[in-house]
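Every read-out reported here was derived from the displayed coordinates using simple, explicitly stated rules and does not represent laboratory data. As the structure is a prediction and not an experimental result, all values here were calculated from the model. Cβ atoms come from the backbone with ideal geometry, glycine included; neighbour counts cover every protein chain shown.
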Amino acid sequence: MSKKFLVSSVIVMALALSQGATTFAAGKVQTSLVLVDAGVFNFQSQTSALLTGDGFEKQGFGLNRKVGSNGQFDVVPGADNCANGFTGRLVGSVVEASGDTFSYTIDNQLCPTDQPNVYSASGTYKITGGTGKYAAVKGGGAFEGLADFVEAKYKCLLVGTISY
């Protein structure tokens with residue numbers, strides 16, 4: 001096998017894998033983010049609840065990492081995506097096993113499903129800060145979720161980007 005063929009093969013493979021891959025520019029990580037989270041509500045009022053959960057995050061082509069989460073969900077005025085729905089905002093944090101955290105804000109519309117008091121949610125998230133390796137974190141993307149107000153449980157999925 002020629003050296004030229006080997007170099008060409010490595011370049012082709014790198015290009016094929018580059019979509020969604022992690023890049024490192026001047027010590028900065030820029031990559032895709034997928035976060036799956038589920039947990040429980042602890043209602044503080046009819047329009048506010050504290051959330052506690054756990055799940056997994058995946059950055060780029062890396063392995064899934066177990067994470068914890070916490071935050072506060074508040075109903076905010078307005079809902080134009082569906083009849084009998086409402087708008088919510090969740091301000092929360094993801095905590096990795098290392099203790100590093102990143103914070104986010106999710107703005108979403110919640111629409112009723114066929115099950116009473118169970119809502120489907122969709123919207124966007126923005127990463128707003130962090131600690132440890134995430135001290136200069138940025139990012140954002142799409143949010144999908146399900147809120148069961150009867151059982152006080154939620155499930156959510158964030159898909160987007162993260163850089164730090």
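General observations
- For segment 69-95 versus segment 110-159, the gap between their alpha-carbon centres in whole angstrom: 8
- Long pairs among Lys28/Lys153; Lys28/Lys155; Lys58/Lys133, criterion Cα-Cα beyond 27 Å: Lys28/Lys153; Lys28/Lys155
- Taking other Cβ atoms within 10 Å as a rough exposure proxy, Thr31, Thr131 sort from fewest to most as Thr131, Thr31.
- Between Asp148 and Ala97, the simple spin-label model (points 7 angstrom out along Cα→Cβ) gives 2.8 nm.
- Other residues lying with their Cβ under 10 Å from the Cβ of Val118 contribute a combined charge of -2, Lys and Arg counting +1, Asp and Glu -1.
- For segment 21-163: relative contact order, % (alpha-carbon pairs under 8 angstrom, 6 or more apart): 22
- Remark: the Cα gyration tensor places segment 31-164 in the prolate category, a/c being 1.5 or greater and a/b exceeding b/c.
- Ranking of Phe41, Phe56, Phe143 by count of other Cβ atoms within 10 Å, fewest first: Phe56, Phe41, Phe143
- Rounded to the nearest whole Hz, the Karplus-based 3J(HN,Hα) values (6.51 cos²θ - 1.76 cosθ + 1.60, θ = phi - 60°) of segment 45-54 follow the sequence 6, 5, 10, 8, 8, 8, 10, 9, x, 8, with x at glycine and proline.
- For segment 147-155, backbone phi angles converted through the Karplus equation (6.51, -1.76, 1.60; θ = phi - 60°) give residue-by-residue couplings of 10, 9, 7, 6, 8, 6, 10, 9, 9 Hz, Gly and Pro being listed as x.
- Computed lengthening from Thr105 to Val40, 0.36 nm per intervening residue step minus Cα-Cα distance: 21.6 nm
- This ranking places Asp37, Asp54 by how few other beta-carbon atoms lie within 10 Å of each, fewest first, which gives Asp54, Asp37.
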